[in-house]
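None of the figures in this text is laboratory data; all of them are computed from the coordinates on show. This is a predicted model, so every value here is computed, not measured. Note: ideal-geometry Cβ built from the backbone for every residue, glycine included; neighbour counts use all protein chains shown.
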Amino acid sequence: MGFVDKDGARALYINSGVNDTIIPSEIKKGYVDDIKFLHLTSFVGEKSFQTQKPCSKTSRNCPRQLRPRRIVRPQRLTQLEPILRKAYVVMPNRGELELITGYTDYVKGADALIAMGVKIVAVKLGGEGSYVTNGRDRVHSESFKVKVVDTTGAGDAFCAGFLYGLLQNEGLKNCGRIGNFVASRCVMKLGARAGLPYKKDLARL
């Protein structure tokens, strides 16, 4: 259930349901090995977390968006580290990055993930846009100024746009801009899907 205030900010109340029943034996390794990018998200329950861990061993690049929620407790950070070390892309928001690394400065937090072995870190900064680095290049992309109706799904929308950019072999700057653009369209309408753009809409970039 999502609750949205007059400024578009939202709070979610979740019953994970079937998401917390998946087990490692239900994942087909051959399927995972044959894809170009694997997107992992929402480490909420213990079963779902343990099920996603084997996916980090695939030989392919595995972009991951981390939504720590209950997973980021001091005793679980060490469990998260093997996944981070195998990740090609990690896309946390500023708060999640602080929980993972301990740094309030998102630049230092991103550098900490790069030092851990992550190839690309894309930090979602809400109304301030995004910060992307691969340890060499550092790109801050401003947000698109739009009327915010509902922020539900904005983080997922950014990830979708950013991964689309990677699939199109775009550079870090364009990946960040596409992510920001998709997120900006998402927040202009109620719900997580109604505002999402189509490929033809990217022409305005």
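Identify all residues within region 134-155 that are buried (at least 21 other Cβ atoms within 10 Å of the Cβ) and outside any loop (DSSP other than H, G, I, E, B); write none if there are none. Result: 141, 154, 155. Candidates 181, 162, 158: the one that is in contact with a helix residue (DSSP H, G or I) (Cβ under 9 Å, 6 or more places away or on another chain), assigned to a helix (DSSP H, G or I) and either of a type in the set (D, E, K, R) or over 17 Å from residue 39 (Cβ atoms) (or both) is 181.
Identify, from the list 118, 107, the residue that is more than 30 Å from residue 5 (Cα to Cα) and crowded, with 17+ Cβ neighbours inside 10 Å.
When all the criteria are applied, what remains is 118.
Here is the figure for region 173-205: residues that are farther than 16 Å from residue 147 by Cβ, surrounded by 15 or more Cβ atoms within 10 Å (Cβ to Cβ) and either charged (D, E, K, R) or under 15 Å from the mean Cα position of the chain (by Cα) (or both) total 7.
Among the residues making up region 11-51, a single one is in a helix (DSSP H, G or I), aromatic (Phe, Trp, Tyr) and exposed (fewer than 14 other Cβ atoms within 10 Å of the Cβ): 31.
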